[in-house]
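The values are calculated or read from the model by the stated rules, or taken from the named source; none is laboratory data. Predicted, not measured: the structure shown is a model, and the values here were computed from it. Cβ placement follows ideal geometry from the backbone for every residue including glycine, while neighbour counts extend to all protein chains displayed.
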Amino acid sequence: MANRRSLHKKISVSVQLSYIREFAQLLFTWLIPHLDDFGRIHGNSARIKALVVPMSKRTDEEVEEALEEMKDVGLIQRYKYEDKDVIFFTNFDSHQIGLTKRTKSKYPDPEGNFSEIQRNTSLTEKKRTEENFDWEKSLSDFIPANKDEETAKRICEEVADDPSQSFPTLLKLVKQGLKAEDMENFLDYALIADLENPIGYIVSKGKKLLGIKEIE
């Protein structure tokens, strides 16, 4: 299990987080590095308090209230496994990178299934090229080769109406030189300006930045 996790700056403008109180927002973000490789953790509020905010003056009851706020807006799911409370972060996979070498979870998913652990990625590595990758089937199988590809994939998964259609275009721009930082900056503007098609804006600005008219 990793000792650190990714946290995107877009979290600052998250609509879901804006619906909960500030302590719940803090607890949500501080929980993230404690999650296992499938976005799960024990859900007992007293244990959460001791693990995540041990120096806080907040009570176990306040931690419980914060967890319920997260659940009510869909940030987490809470369920039982063998009479133990479990928490699952609903969008964990789409916001984290480097999840191809996961350790086994102590807890099943909310439906009671233990996730398969992918140990041999040779087939997936072969499928990751544009020539033989079935975009319509599953974008999640694509393994980025670098930070720029990781960013392009995550952005499409987060904001594209149809990620499988948008990602090939953005990936081609990355291969022509578009960098992660540029995509992040374009996305930030698109979100602040509340543009209807953020991916289209990123592609347009990327082409202009690279000085190209057609995407090869």
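What residue, of 111, 116, 136, is touching a helix residue (DSSP H, G or I) at 6+ places or on another chain (Cβ under 9 Å), exposed (fewer than 13 other Cβ atoms within 10 Å of the Cβ) and modelled with pLDDT under 80? Steps first, please.
Working: 111 fails: touching a helix residue (DSSP H, G or I) at 6+ places or on another chain (Cβ under 9 Å); 116 fails: touching a helix residue (DSSP H, G or I) at 6+ places or on another chain (Cβ under 9 Å).
It is 136.
Residues are listed down the side, and each one gets a yes or a no for (1) at pLDDT below 90; (2) within 22 Å of residue 103 (Cβ to Cβ):
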site	(1), (2)
7	yes, yes
15	yes, no
21	no, no
28	no, no
33	yes, yes
48	no, yes
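When you scan the stretch 19-48, how many residues do you find that are more than 23 Å from residue 111 (Cα to Cα) and surrounded by fewer than 17 Cβ atoms within 10 Å (Cβ to Cβ)?
10
How many residues are closer than 23 Å to residue 211 by Cα and outside any helix (DSSP H, G or I) if we restrict to the stretch 144-194?
5
In this structure, does residue 51 turn out to be under 30 Å from residue 187 (Cα atoms), in the same structural domain as residue 88 (by TED's automatic domain parsing) and in a helix (DSSP H, G or I)? Break it down stepwise before answering.
On the way: under 30 Å from residue 187 (Cα atoms): no; in the same structural domain as residue 88 (by TED's automatic domain parsing): yes; in a helix (DSSP H, G or I): yes.
For residue 51, the condition - under 30 Å from residue 187 (Cα atoms), in the same structural domain as residue 88 (by TED's automatic domain parsing) and in a helix (DSSP H, G or I) - is not met.
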